[in-house]
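J.: Got a structure for you, written out below as structure tokens; questions coming shortly.
Nothing in this text is a laboratory measurement; each read-out follows from the coordinates by a stated rule. Bear in mind the structure is a predicted one, so any value in this text is a computation, not a measurement. Virtual Cβ from ideal backbone geometry, glycine too; neighbours counted across all protein chains shown.
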Amino acid sequence: MLPIGQLIEFVNPWLGLSPWGVYTGEGYVIHFGVGGKKLSILNNRIPEIRVPAGTRISVNNKHNLTASPLETIWRRCETFLHQEFKYDLVNFNSEHFATFVQYGHAVKDVGLDAVKTAEGLPEDACSELTVH
């Protein structure tokens, strides 16, 4: 069984970028919803998440970082669920969201040393956000 808090990557070889989420148990992943300039954070069963044909779903905890305690991951998930955010490919994308939930800071994988803060986070989530 997959442990709660694992980073889930939706890899599509045709897109050039991968949506990300965090496994929340019983086949569910918390992730950015699809569409529009503002996106809601949703918690869906994996088969219900709309992804293009050919997308491969994988666990990808590629960052050599220590995950937050499970209680903290749950609190972050509950804080974000159903919130709307302006999706920003550079400053606040699905990988930023997923890594913030898991590690406590948003990680952008342009060389693992690039870490960005995420703008527009709920105030109580921002108290945990760290910049490295």
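J.: How many of the residues in the range 52-102 are in a loop (DSSP other than H, G, I, E, B) and among the small types (G, A, S)?
T.: Looking only at that region, the number is 4.
J.: Still on this model: Of all residues in the range 12-35 being surrounded by fewer than 19 Cβ atoms within 10 Å (Cβ to Cβ) and free of Cβ contacts under 8 Å to residues at least 24 places away in the same chain, which is nearest to the chain's Cα centre (by Cα)?
T.: G33
J.: Hey, another quick one. If you take the residues of the range 47-73 that are out of contact with any strand residue (DSSP E or B) (no Cβ under 6 Å at 6 or more places or on another chain) and hydrophobic (A, V, I, L, M, F, W, C), which of them is nearest to M1 (Cα to Cα)?
T.: In this case the residue turns out to be V59.
J.: Is it the case that I8 is β-branched (V, I, T), in contact (Cβ under 8 Å) with a residue 12 or more places away in the chain and in contact with a strand residue (DSSP E or B) (Cβ under 6 Å, 6 or more places away or on another chain)?
T.: The answer is yes for I8.
Table: residues versus (1) β-branched (V, I, T); (2) under 18 Å from I8 (Cβ atoms); (3) surrounded by 11 or more Cβ atoms within 10 Å (Cβ to Cβ).
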position: N44; (1), (2), (3): no, yes, yes
position: R56; (1), (2), (3): no, yes, yes
position: N61; (1), (2), (3): no, yes, yes
position: E71; (1), (2), (3): no, no, no
position: R75; (1), (2), (3): no, no, yes
position: T79; (1), (2), (3): yes, no, yes
position: E84; (1), (2), (3): no, no, yes
position: D88; (1), (2), (3): no, no, yes
position: N91; (1), (2), (3): no, no, yes
